[in-house]
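Okay, structure first, notes after.
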Amino acid sequence: MFIKAASLVLLLPVLAGFSQAAILPEKRLDNSTSCCGYVVTNRGDGYFKNQHIMDFSTLTSIDQVIKAGWKISHGYRAGGINRATGQQPWGNKTAVQIAPGQGMTLTVKGGQSPNASFFSVGEILMPWLTLGGVFEIEAKLTGVFGTTMGIFTYHAGPGQTKVNLGWEDEQDFEMMGETLFKGNKWNKPGMSVLNYEPKTGAKSGAFVPFPAGLDPTADFHTYSISWFPSTSSSNPGKLTEYRFDGELINTPPKYASVNPSNLIINHWTNASPMWSAGPPVEDAVLTIRKVTAYFDKPMAIAAGTDVIKDTSCSKELACRVTM
């Protein structure tokens, strides 16, 4: 449902005179210089080479996010097509902004025509391709009806490997404003967690209700994806794990991703009653306070194998961290 091409995403121009003093480094590894990798102790001692932490609530301008390497979708599709009408969500750079003290906002403007061919929506990508990682996003959802909120990894396309692993893989959280608390004819209430099979695009997943009495639109909560691909030598391959506020939730029983992928956050509508519904009658705002990621970047595949190797560090030398 979410067809994107990272190569079609514009990296917005950086203002020429912008000071780097107030932003996080483009390639932040750690506050010290001694860590060559990270063992995430509360994610099964998962071992990854890189760290990226972005606290959007401390920023004052979207230019700081761009300077840190994040990529905002603009002028291309950013979400699913309405299969019945052909209507599409279209990335708009003005839909992604900073609300000082709160975080990064992705807004679907209210009042867009239900008959429009394209809807203005917000989408942003983490700076680097990843091949496995633990990604934790602190988000406050919108309760406005008519949009879909996505937090997911999505394949970077063919050409990353010497063998055909397929390039349909995706691992995602999706939440619809209309069905956060009450289901409809097509969808159950709560969060959708979903994996896509790399070669066929077949789906495996479930709807998971929010804990009783909890309102995800009233405050920030954490949404976490732990991905251990069989194509990386860092960790034994296993099923992708999804967590809400640190607690493991219903995990899809198959189809973990195998391809280098982008971490993407988006907020969109396509007017389909079967998914996003909408468009919203008032502004719908998804707020992201913080992203914490421990991850591997794709390396060259060892000759004659399907496993991506990296011998620049070891688990024994890595720093131990907790999400």
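The values are calculated or read from the model by the stated rules, or taken from the named source; none is laboratory data. In this text, all values refer to a predicted model and were calculated from it rather than measured experimentally. Here the Cβ is made from the backbone with ideal geometry for all residues, glycine too, and neighbour counts use every protein chain on show.
Quick notes
For every residue, the table says whether it meets (1) assigned to a loop (DSSP other than H, G, I, E, B); (2) among the hydrophobic types (A, V, I, L, M, F, W, C); (3) under 19 Å from Gly177 (Cβ atoms); (4) over 17 Å from the mean Cα position of the chain (by Cα).
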{"position": "Gln64", "(1), (2), (3), (4)": "no, no, no, yes"}
{"position": "Gly79", "(1), (2), (3), (4)": "yes, no, yes, no"}
{"position": "Ile98", "(1), (2), (3), (4)": "no, yes, no, yes"}
{"position": "Gly101", "(1), (2), (3), (4)": "yes, no, no, yes"}
{"position": "Met104", "(1), (2), (3), (4)": "no, yes, yes, no"}
{"position": "Asn115", "(1), (2), (3), (4)": "yes, no, no, yes"}
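- Thr60 surrounded by fewer than 19 Cβ atoms within 10 Å (Cβ to Cβ), in contact with a Pro (Cβ under 8 Å, 6 or more places away or on another chain) and modelled with pLDDT of 95 or more: yes
- Within the range 66-76, being farther than 30 Å from Ser230 by Cα and not in a loop (DSSP other than H, G, I, E, B) holds for Ile66, Lys67.
- Residues located in the range 33-62, provided they are out of contact with any Cys (no Cβ under 8 Å at 6 or more places or on another chain) and assigned to a loop (DSSP other than H, G, I, E, B): Thr33, Thr41, Asn42, Arg43, Gly44, Asp45, Leu59, Thr60, Ser61
- Evaluation of Thr217 against the conditions (1) at pLDDT 95 or above; (2) closer than 25 Å to Ser314 by Cβ shows that the sole unmet condition is (2).
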